[in-house]
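Below: the structure, in structure tokens.
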Amino acid sequence: MLGLNGTPFQPATLQLTGIPGMQTGQAWVALVFCILYLISIIGNFTILALVIREPSLHQPMYYFLSMLSLNDLGVSFSTLPTVLATFCFNYRHVDFDACLVQMFFIHTFSFMESGILLAMSFDRFVAICDPLHYATVLTNNRILAMGLGILAKSFTTLFPFPFLVKRLPFCKGNVLHHSYCLHPDLMKVACGDIHVNNIYGLFVVLFTYGIDSTFILLSYTLILRAVLAIASQEQRFKALNTCMSHICAVLVFYVPIIAVSMIHRFWKSAPLVVHVMMSNVYLFIPPMLNPIIYSVKTKEIRRGICQVFCKSWG
């Protein structure tokens, strides 16, 4: 299908969907999303502020945690405009180019989170398997280089996506199944040859999630081997306890991804609302839970929060 100017047809705007089949109760859904955003934004800003102001937190582990919090804020702010417009103001239209920009940032921050979790697993590996060289291996310059490397990898691998989508005609309507823009959702309303998009999308997923998760699993295999070699049971427990926050963050991030993939592959007849809700879990739950996990499980973070509140109320 061609537009008036002879170019492949692309709608001026795309229509977003809240939660399919939910005709009532939108106000409650809006309230839930607002609470999730507040917890995520306040929690991650709190982590960042604590790491910046507390000299005792100027250590590699907390620098990586700052990267994770900054990235989670990026995920939240990427989805926030259209989600609030959809549920709070019932405004469901988004400009086509703006949709492509949002899609790029959502996927970029998601892939960056995987890379940051891998860097954090390397931090735990060095801390437990080679503690004497921890400070010399994870210097500030190397941590900065790792952060920039994660950013560069995610940016360059995702950069072609908007252009690959832009070249396609859209002849299956303009209604998307989410309250934000995702590449798989756009492919459902695109026509023409989408094989390049699908193949490149699969390559990026395997290149990012596949490689990162494999190395995270490898690092914990080596960590477990090192821990089991420790004679004292108390020391073994202490060593494993330093990894619990990161293990929880990895599970919170990867379990929804695996669930979405399994549903998409083995339960294609699942109601659309199931796919939408799982995508919402994948994008909204990790940014909300990560600061809670690290606040509960990390003594230094808890102490910093307590000090801030004590000064505020003192």
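Laboratory data are not the source of any read-out in this text; all were calculated from the coordinates shown. Please read these numbers as outputs of a predicted model, since none were measured by experiment. Every residue, glycine among them, receives a Cβ derived from its backbone with ideal geometry; neighbour counts consider all protein chains shown.
Quick one: angle between helix 244-266 and the longest Cα principal axis of the chain, in degrees between 0 and 90, rounded to 10, please.
30
For the chain, with the dipole built from +1 on Lys and Arg beta-carbon atoms and -1 on Asp and Glu ones, taken about the Cα centre, which of S213, G74, A239 lies farthest toward the positive end?
A239
What distance in nm separates the two pseudo spin-label positions at E300 and I258, each 7 Å out from Cα along the beta-carbon direction?
Placing both labels 7 Å beyond Cα along the Cβ direction yields 3.0 nm.
Work out from phi, with θ = phi - 60° and the Karplus expression 6.51 cos²θ - 1.76 cosθ + 1.60, the ³J(HN,Hα) of each residue of the range 109-120, listed in order in whole Hz, and give x for Gly and Pro.
Per residue, the Karplus-derived 3J(HN,Hα) values read 5, 5, 5, 5, 4, 4, x, 5, 5, 5, 4, 5 Hz.
What residues qualify as long-range amide H neighbours of V175, i.e. H under 5 Å apart, gap of 5 or more or another chain, H built at 1.01 Å from N?
Q15
Can you run phi through the Karplus equation (6.51, -1.76, 1.60; θ = phi - 60°) for the range 96-105 and list ³J(HN,Hα) in whole Hz, with x for Gly and Pro?
Using θ = phi - 60°, the values come out as 4, 5, 5, 5, 5, 5, 4, 4, 4, 6 Hz.
With point charges of +1 on the Cβ of Lys and Arg and -1 on the Cβ of Asp and Glu, referenced to the Cα centre of the chain, which listed residue (I257, C129, V196) lies farthest in the positive direction of the dipole?
Most positive-ward Cα: C129.
Here are some values of semi-axes √(5λ) of the Cα gyration tensor in Å: (i) 33, 20, 20; (ii) 38, 23, 18; (iii) 30, 26, 17. Which one was computed from this structure?
Checked against the structure: label (ii).
Cα axis of helix 299-313 to longest principal axis of the chain: angle in degrees, 0 to 90, nearest 10?
In the chain, helix 299-313 runs at an angle near 80 degrees to the longest axis.
Tell me which residues come under 5 Å, amide H to amide H, from H93 once H is placed; ignore anything under 5 positions away on its chain.
Correct list: L16.
Quick one: 3J(HN,Hα) in Hz for the range 143-157, Karplus 6.51/-1.76/1.60 with θ = phi - 60°, rounded, Gly and Pro as x.
Once θ is set to phi - 60°, the couplings for the range 143-157 become 5, 4, 4, 5, x, 5, x, 4, 4, 5, 4, 5, 5, 5, 6 Hz.
Which of the peptides 239-252, 133-146 is most tightly packed, and how do the rest follow, going by the mean number of other Cβ atoms within 10 Å of each residue?
So the order, starting with the most tightly packed, is 239-252, 133-146.
Once both axes come from the Cα atoms, what is the angle between helix 195-205 and the longest principal axis of the chain, in degrees from 0 to 90, rounded to 10?
That works out to roughly 10 degrees.
Only Lys, Arg, Asp and Glu count, each charged at its Cβ (+1, +1, -1, -1), so figure out the dipole size of the chain about its Cα centre, rounded to 20 debye.
So the dipole magnitude of the chain works out to roughly 360 debye.
Normalised by the number of residues in the chain, what is the relative contact order in percent for Cα pairs under 8 Å and 6+ residues apart? Please report the intermediate quantities before stating the final value.
Details: 340 pairs, mean separation 85.4, N = 314.
With pairs under 8 Å counted, the relative contact order is 27 percent.
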